[in-house]
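First comes the structure, then the notes that go with it.
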Amino acid sequence: MGKPWPVTAPNFQMVPGLLLGSDMIALLPSRILPDFEGLVSFLPPVPVPGFLLHLAWHRWRAKDAALQHVAVHETSRTVQQG
C-alpha cells in the first residue's frame, strides 16, 4: 500500500461525494452531512478551532440588497465546529 495522499476540494459540498465509496476521511462542518446517506459522522478526537468565513463578490453585485445583508451579518462571524 502506498503513502496516503491528501485531497483538497474547492468547497465543502463536494467532499461527501468524494468520500462515498472510498476509505478517506474528512473534517467538515456538521451541517454539510445531513443530506448525504451512507456517511457516518463523529466528533473529532482532538479539539478543532473554528475558521474565519470570508465573502467575495464581483463589483457588479455591489448594490445587491441580499448580498449586502449577508455581508453585514456574516463577515465578522467566526464559524465554530458544529
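The values are calculated or read from the model by the stated rules, or taken from the named source; none is laboratory data. Fair warning: this is a prediction, and the values are worked out from it, not measured in the lab. Note: ideal-geometry Cβ built from the backbone for every residue, glycine included; neighbour counts use all protein chains shown.
For residues that are modelled with pLDDT of 80 or more and exposed (fewer than 11 other Cβ atoms within 10 Å of the Cβ), scanning just the stretch 63-82, find the one that is farthest from the chain's Cα centre (by Cα).
Taking the stretch 63-82 and keeping what is modelled with pLDDT of 80 or more, we get 63-69.
If we keep only those that are exposed (fewer than 11 other Cβ atoms within 10 Å of the Cβ) as well, we get 63, 65-66, 69.
Working: Lys63: 27, Ala65: 25, Ala66: 21, His69: 21 Å.
My answer is Lys63.
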Name the residues in the stretch 34-61 that are modelled with pLDDT of 80 or more and of a type in the set (Gly, Ala, Ser), would you? Gly38, Ser41
Return the residues of the stretch 4-25 that are within 10 Å of the chain's Cα centre (by Cα) and either not in a helix (DSSP H, G or I) or not hydrophobic (A, V, I, L, M, F, W, C) (or both); say none if nothing qualifies. Ala9, Pro10, Asn11, Gln13
Any pair with Cβ under 7 angstrom, 6 or more apart, that starts in the stretch 52-73 at a residue that is under 19 Å from Asn11 (Cα atoms) and ends at one that is surrounded by 10 or more Cβ atoms within 10 Å (Cβ to Cβ) and modelled with pLDDT of 80 or more: Trp57/Leu67
